[in-house]
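What follows is a set of notes on a single structure, which appears directly below.
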Amino acid sequence: MSRSAHPAGPRHGDVLPEGHYAAPPADLNDLDPRVWARTVDRDGDGVVTVGGLPVTRLAEEFGTPAYFLDEEDFRARCRAWTDAFEGADVFYAGKAFLSRAVVRWLREEGLNLDVCSGGELATALAAGMPAERIAMHGNNKSPDEIHRAVEAGVGRIVLDSYQEIVRVAHIAERLGRRQRVQIRVTVGVEAHTHEFIATAHEDQKFGLALADGQAAEAVRRVLKLDSLELVGIHSHIGSQIFDMAGFEVSARRVVGLLTEIRDEHGVELPEIDLGGGLGIAYTPEDDPREPHEIAKALRDIVSRECTAAGLAMPRLSVEPGRAIVGPTAFTLYEVGTVKELEGLRTYVSVDGGMSDNIRTALYDAEYSVALASRASTAEPVLSRVVGKHCESGDIVVRDAYLPADLAVGDLLAVPATGAYCRAMASNYNHVLRPPVVAVADGAAREIVRRETEEDLLRLDVG
């Protein structure tokens with residue numbers, strides 16, 4: 001059968017490309033602090049713990065698969081960002097993971113919140129986030145979503161198209177409001193990242209391009225409308241970025257636009273939002289920057305460009321999502337089968353998969369994994385951790401070393417799954433989405449409960 005005729009689609013008709021296999025780690029029981037949440041450790045019996053609780057006990061209480069989120073780590077990362085960006089605005093990007101508990105933590109730690117749908121807005125408001133601390137994103141906001149955002153009094157709406165300028169202005173006028181807005185611009189910078197998560201080059205759906213004058217024209221249109229207050233320019237160049245060079249080019253071009261606006265309209269806009277996208281460590285090879293390094297670099301870049309252009313320093317905004325929640329959680333699975341393919345690898349099937357972590361299939365994302373229910377001194381074996389779905393692309397960790405004595409019933413933990421895993425989870429194969437369990441100070445509680453078959457059937461009205 002030809003690849004194009006494969007019944008599961010061309011992606012699934014061939015073996016996914018092999019990577020370069022690094023040497024196994026010196027100690028399979030080691031938990032690299034760059035990858036794992038802050039309170040994760042092993043106890044005297046070799047069992048992984050989080051917040052002082054062993055995963056064996058957590059699995060008994062909450063089942064597997066499940067996401068376990070280190071609340072202490074989450075709050076500490078919030079404080080690190082707000083401390084680093086004192087005098088600036090930190091908007092948590094809710095698309096990474098959002099729940100009412102997370103909104104409460106953000107509110108208590110002094111962060112603002114970025115939402116990009118009516119559902120995210122509803123969650124934010126239901127959990128008590130002040131509307132003025134909310135920013136509304138999205139490339140195709142519906143009239144209803146815009147109406148709800150304006151009526152609630154959100155602090156800013158980020159405009160993404162000419163049509164949206166008219167739409168927001170009309171709704172704000174009808175409601176008797178003057179809505180604060182920013183214009184999202186694409187600055188022609190392609191971050192060194194996966195094609196599908198690089199967002200600032202021109203050939204994509206987000207924003208208004210600088211290169212062909214769309215952004216400048218959007219400014220002209222907004223400034224003519226009494227129901228809109230243009231407060232700044234927004235730019236976002238991609239995701240999982242470690243190199244600050246892209247931000248330097250982006251900031252230079254955004255400041256160039258601010259200079260053009262001043263020269264043409266006699267207006268100096270007071271805000272620049274440089275977006276998010278800062279990377280985290282999924283594997284020990286990743287080397288992310290600390291918030292204070294990022295803050296200094298961005299301030300220096302913008303200050304230098306504004307000084308050269310004769311502009312006052314605008315108020316900066318950033319939008320970390322993954323950088324806050326990503327490292328704070330891990331997913332716990334139970335091993336169901338172990339298949340040894342001599343001369344190739346061992347396939348380890350777990351009780352979750354692409355329904356709780358689509359990122360490996362979607363982005364070729366790399367993850368680490370550890371035997372969590374015990375320590376082992378067995379030799380390392382090249383392994384692939386796969387899920388239970390009827391897809392050959394259902395891979396959780398493509399290439400990892402696990403101990404040769406791995407057995408059915410063992411627990412595996414995959415770190416750095418706080419961002420985009422539960423947020424992008426699905427019911428593929430009618431699999432139930434896992435719970436999110438917050439752990440802090442020796443106590444654990446569900447903040448998003450496990451789905452049930454009743455939940456699935458309740459929606460199936462046929």
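The values are calculated or read from the model by the stated rules, or taken from the named source; none is laboratory data. Here the structure is a predicted model, which means the values were calculated and not measured. When we count neighbours, we look across all protein chains shown, and the Cβ atoms used for this are built from the backbone with ideal geometry, even at glycine. Accessible surface areas use protein heavy atoms only, side chains included; no ligands, DNA or RNA. Shrake-Rupley method; radii C 1.70, N 1.55, O 1.52, S 1.80 Å.
Quick notes on this one:
- Computed from the alpha carbon positions, the gyration tensor of the stretch 357-430 leads to an equivalent ellipsoid with semi-axes of 23, 13, 12 Å, biggest first.
- Pairs of Lys in the chain closer than 30 Å at Cα, counting only those 8 or more apart or on different chains: 8
- Shape parameters for the stretch 45-196, alpha-carbon atoms, Rg then Dmax in Å: 19.0, 65
- Ordered from longest to shortest, the equivalent ellipsoid semi-axes for the stretch 235-312 are 29, 11, 9 Å, each the square root of 5 times a Cα gyration tensor eigenvalue.
- Once the gyration tensor of the Cα atoms in the stretch 265-422 is diagonalised, the equivalent ellipsoid follows with semi-axes of 44, 15, 12 Å, ordered largest first.
- Each 10 Å bin, from zero up to the one with the longest distance, holds this percent of the alpha carbon pairs of the chain: 4, 19, 28, 24, 16, 7, 1, 0.
- Rounded D (µm²/s) - the stretch 308-394, Kirkwood Rh over Cα pairs, Stokes-Einstein at 4 °C, 1.567 mPa s: 79
- DSSP bridge pairs, the chain: antiparallel proportion in percent, nearest 5: 45
- Net length gained if the chain between GLU108 and SER303 were fully extended (0.36 nm per residue, minus Cα distance): 67.2 nm
- Neighbourhood net charge (9 Å Cβ-Cβ; Lys/Arg +1, Asp/Glu -1) for THR64: -2
- With a 1.4 Å probe rolled over the protein heavy atoms of all chains, the accessible area of PHE330, PHE242 falls in the order PHE242, PHE330, largest first.
- For the stretch 82-145, the Stokes-Einstein estimate of translational diffusion at 4 °C and a viscosity of 1.567 mPa s comes to 108 µm²/s, using the Kirkwood hydrodynamic radius over alpha-carbon pairs.
- Solvent-accessible area of TYR428 with every protein chain in place, 1.4 Å probe, in Å² to the nearest 10: 90
- Between the stretch 123-151 and the stretch 71-95, the alpha-carbon center distance in angstrom: 20
- Spatial separation of Cα centroids for the stretch 235-274 and the stretch 441-462, in angstrom: 42
- Accessible area of the stretch 92-188 divided out per residue, in Å², using a probe of 1.4 angstrom: 36
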